[in-house]
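The values are calculated or read from the model by the stated rules, or taken from the named source; none is laboratory data. As the structure is a computational prediction, the values presented were derived from the model and not from experiment. Positions of Cβ are generated from backbone atoms using ideal geometry, with glycine treated the same way; all protein chains shown enter the neighbour counts.
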Amino acid sequence: MRILFISQELIAGDVARRIYEEGHDVRLCILDETLTEVYSGILPHVTSWRDQISWVGKDGLIIFDDVGFGAEQDALRAEGYTVFGGSEEGERLETERAFGQRIFEHCGLKNPETHDFDSIFDALTFVQKHPRAWVIKCSGHQQKHLAYIGTTHNGSDILHVLKQYINTLPDPQHFHITLQERIFGVEMGIGRFFNGKHWVGPIEYNIEHPRLYKDIGPIINEMGTLAWYGKNEKERMYREVLLPLEEYLRAANFRGDFSINCIINEDGIYPIEATTRFGSPIVHLQTTLHKESWLPFLLAVARGEKYTLRHYNGFGIVIVGALPPFPYPSEKIGALSRGTPIFFDTSLSETEKTRIHFEEVAVQKNNGAEYYQATGPDGYCLYTTGLGKSVKEAQQNALRVMKKIHMHKLFYRPDIGDDFILWQRDALLKYGIDVPLDEREW
């Protein structure tokens, strides 16, 4: 089958790689010009996805792995093409945070106060008039390191951070920023695929780890995720968070992966942001949790069909393996890691090899031999995944694979899932959330 895979920053390139290795005709278009070397030697590249529409045809599949393509997705579907990935109206829940919160409120969800600003100066003025603990959020995956969670109740630290951004960012007068009321509790996400008509596939529960290390360092795109699948549509979080969005997504003809990150405390469940695309690094853990190929499932979602996805029970963990300049994007510094060879331990089993997922990686040839190396400017090199009947078992399985990968300056967090074991699970149970206890639950 012909598949045209279109990406801005290669969130789900590893999905395309696996479909290609199954024997399908895949062409990859990466729009970020700093990532043109990524996946060279792994997947066929094209420079213009629009020029490939006639090639993929109406019998093929077009996959978008990011937001920003909603209008094109709607237009292609109207012309009869099979398209996986969002819609113009659906992706607004992510790209326009204040709009998303209004939709959540309209659907009956609890809402933290949220405000969008097109200037950091306007955000600064707002905090001066409304001093409290706020959370700073920015649009775009590569700006995640600019996020900040306020710690003082009078907003003094938020004011300091905003003033710092005014002094350091190139155009603070025209920089889009979001301020959201800080809610204290356990952060947890819930997601599921939507096929334009109905929810399809299992329900996904996830806990992200957005700090560089534990509670230390900047907030980044994530250092790892703990997740598991469920099927109970009567479960509280599903009923209160995902189910109320069904009518909106149906009206938007949304056809892709959808999730909402929430803060949960004794007062209820508060949605803080939506992800209307493949998430990273959860997409790599989904690959491991699934018992079958991505392609039939993605086709069903794109075609608006029902599909029973076979998956593993138990916990899953994905760990980010990064290189400098991660987490700060820099083309100049990134060149220091570009070309770093990747060595794999000879003890890797065939199953363990499937638990390695590439991002900023390419294949080079030397005297007829092929070898993998890091490429790209940002240091998002690769990921490893593990499954287990307990969180600790899943963590150990993911770490075992990571330790068999050898790269100069490679770093990762070995503690993904620890907080769930230590306190988050007990807190969630206290707040009335049905979470698995241990291996006896599976």
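Annotations
For (1) buried (at least 19 other Cβ atoms within 10 Å of the Cβ); (2) within 18 Å of the chain's Cα centre (by Cα), each residue gets a yes or a no:
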site: K353; (1), (2): no, no
site: E359; (1), (2): yes, yes
site: Y371; (1), (2): no, no
site: G376; (1), (2): yes, no
site: L382; (1), (2): yes, yes
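- Being free of Cβ contacts under 8 Å to residues at least 24 places away in the same chain and crowded, with 16+ Cβ neighbours inside 10 Å is not true of R255.
- Matching residues, region 14-52, being among the basic types (K, R) and farther than 16 Å from T354 by Cβ: R27, R50
- Among the residues of region 1-15, those identified as under 16 Å from the mean Cα position of the chain (by Cα) and closer than 15 Å to S293 by Cα are A12, G13, D14, V15.
- Residue match in region 46-68 (condition: of a type outside the set (A, V, I, L, M), crowded, with 24+ Cβ neighbours inside 10 Å and in contact with a Phe, Trp or Tyr (Cβ under 6 Å, 6 or more places away or on another chain)): yes
- In region 1-44, residue surrounded by the most Cβ atoms within 10 Å (Cβ to Cβ) [restricted to those that are closer than 21 Å to L285 by Cα and of a type in the set (K, R)]: R17
- Pairs where the first residue, in region 192-217, is at negative phi and in contact (Cβ under 8 Å) with a residue 24 or more places away in the chain and the second is assigned to a loop (DSSP other than H, G, I, E, B) and small (G, A, S), C-beta under 6 Å, 6+ apart: N195/G304; K197/G304
- For Y312, the test of being touching a residue at least 40 places away in the same chain (Cβ under 8 Å), of a type in the set (F, W, Y) and touching a Pro at 6+ places or on another chain (Cβ under 6 Å) is failed.
- In region 20-44, the residues that are within 21 Å of A369 (Cβ to Cβ) and in the same structural domain as G376 (by TED's automatic domain parsing) never reach a residue that is of a type outside the set (D, E, K, R) and at pLDDT 95 or above with C-beta atoms less than 8 angstrom apart, at least six apart or across chains.
- Only one of the listed residues (G80, G68) is in a loop (DSSP other than H, G, I, E, B), on the phi > 0 side of the Ramachandran plot and touching a residue at least 24 places away in the same chain (Cβ under 8 Å). That residue is G68.
- Of the criteria (1) in contact (Cβ under 8 Å) with a residue 12 or more places away in the chain; (2) within 21 Å of C138 (Cα to Cα); (3) more than 21 Å from the chain's Cα centre (by Cα), which one K58 fails: (2)
- Matching residues, region 364-399, being of a type in the set (G, A, S) and either touching a residue at least 60 places away in the same chain (Cβ under 8 Å) or within 18 Å of Y412 (Cβ to Cβ) (or both): A374, G376, G379, G386, G388, S390, A394, A398
- Taking the criterion of being in a helix (DSSP H, G or I), buried (at least 17 other Cβ atoms within 10 Å of the Cβ) and of a type in the set (G, A, S), the residues of region 87-128 that qualify are G90, G100, A123.
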